[in-house]
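Below is one structure, written out as structure tokens, with a few remarks after it.
The values are calculated or read from the model by the stated rules, or taken from the named source; none is laboratory data. From a predicted model like this one, the values you see are computed outputs, not experimental measurements. FYI the Cβ positions are ideal-geometry reconstructions off the backbone, even for glycines, and counts take in every protein chain you see. These accessible areas exclude ligands, DNA and RNA; they are computed on the full protein's heavy atoms, side chains included. Shrake-Rupley method; radii C 1.70, N 1.55, O 1.52, S 1.80 Å.
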Amino acid sequence: MRLPLIPHPSSPPAGLTLEVQARRAGRVLSLEYVVAGPVEMVRWPQAAARARTDGLWRTTCFEAFVRTEGGYVEYNLSPSGAWAAYRFDGYREGMRGLEIAAPFIVTRMAPGRFGLTVDVELPEDATDAVGLTAVVERLDGAIAYWALAHPSDKPDFHHPDSFALELP
């Protein structure tokens with residue numbers, strides 16, 4: 001099942017739509033993000049080494065948040081191939097790197113369509129609550145913040161109510 005992400009009211013979609021499919025099998029979360037519309041107007045990061053990189057959320061980046069028994073984890077997945085993973089003890093507290101195997105990010109571009117597929121390793125204490133999000137920067141520098149739910153007047157993917165999907 002594909003789920004639509006919605007842009008935050010403060011960030012217009014510029015004719016784009018974004019959907020994501022998420023599946024969980026044990027400790028693996030499989031994600032497929034699809035952007036449709038005028039994808040040529042998106043600032044796509046240049047191909048880079050498949051390496052852990054901080055600050056990916058400053059430009060086009062796909063993200064997933066998963067609640068854990070003691071807080072939550074965040075995955076940043078760049079179309080460049082770079083990635084990051086963090087563990088938090090609570091709402092924006094106790095941030096530190098999450099040690100996982102480097103995910104292999106696969107991208108596909110076609111007229112009017114962009115796709116990103118990846119499997120990420122979940123920690124042993126991951127629960128069923130998931131937040132799926134994306135940051136999409138246009139060539140003009142405007143940034144749109146996409147999520148399953150926007151519980152705040154400002155874009156805030158870390159908000160506890162942003163974990164809007166329950167995956168078994």
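In the condition set (1) more than 13 Å from the chain's Cα centre (by Cα); (2) open to solvent by 20 Å² or more (accessible area, probe 1.4 Å); (3) more than 22 Å from residue 26 (Cα to Cα); (4) among the hydrophobic types (A, V, I, L, M, F, W, C), residue 114 is compliant with all but (2). Report yes if residue 36 is open to solvent by less than 60 Å² (accessible area, probe 1.4 Å) and farther than 20 Å from residue 76 by Cα, otherwise no. It is true that residue 36 is open to solvent by less than 60 Å² (accessible area, probe 1.4 Å) and farther than 20 Å from residue 76 by Cα.
Please determine whether any residue of the range 57-80 is touching a helix residue (DSSP H, G or I) at 6+ places or on another chain (Cβ under 6 Å) and within 14 Å of residue 133 (Cβ to Cβ). Even if it seems obvious, please write down each step before you answer.
Filtering the range 57-80 down to residues touching a helix residue (DSSP H, G or I) at 6+ places or on another chain (Cβ under 6 Å) leaves 76, 78.
Checking the rest, the ones that are also within 14 Å of residue 133 (Cβ to Cβ) come to 76, 78.
Yes, there is a match, as at least one residue in the range 57-80 is touching a helix residue (DSSP H, G or I) at 6+ places or on another chain (Cβ under 6 Å) and within 14 Å of residue 133 (Cβ to Cβ).
Within the range 117-126, how many residues are more than 15 Å from the chain's Cα centre (by Cα) and either free of Cβ contacts under 8 Å to residues at least 12 places away in the same chain or open to solvent by 40 Å² or more (accessible area, probe 1.4 Å) (or both)?
If we filter the range 117-126 for residues that are more than 15 Å from the chain's Cα centre (by Cα), which is where we start, we get 123-126.
From what's left, either free of Cβ contacts under 8 Å to residues at least 12 places away in the same chain or open to solvent by 40 Å² or more (accessible area, probe 1.4 Å) (or both): 124.
Of the residues in the range 117-126, 1 are more than 15 Å from the chain's Cα centre (by Cα) and either free of Cβ contacts under 8 Å to residues at least 12 places away in the same chain or open to solvent by 40 Å² or more (accessible area, probe 1.4 Å) (or both).
If the condition is being among the aliphatic types (A, V, I, L, M), buried (at least 18 other Cβ atoms within 10 Å of the Cβ) and either in contact with a Gly (Cβ under 8 Å, 6 or more places away or on another chain) or closer than 14 Å to residue 132 by Cβ (or both), then the range 144-164 contributes 147, 148. Under the condition of being open to solvent by 30 Å² or more (accessible area, probe 1.4 Å) and not in a loop (DSSP other than H, G, I, E, B), the residues counted in the range 127-143 number 4.
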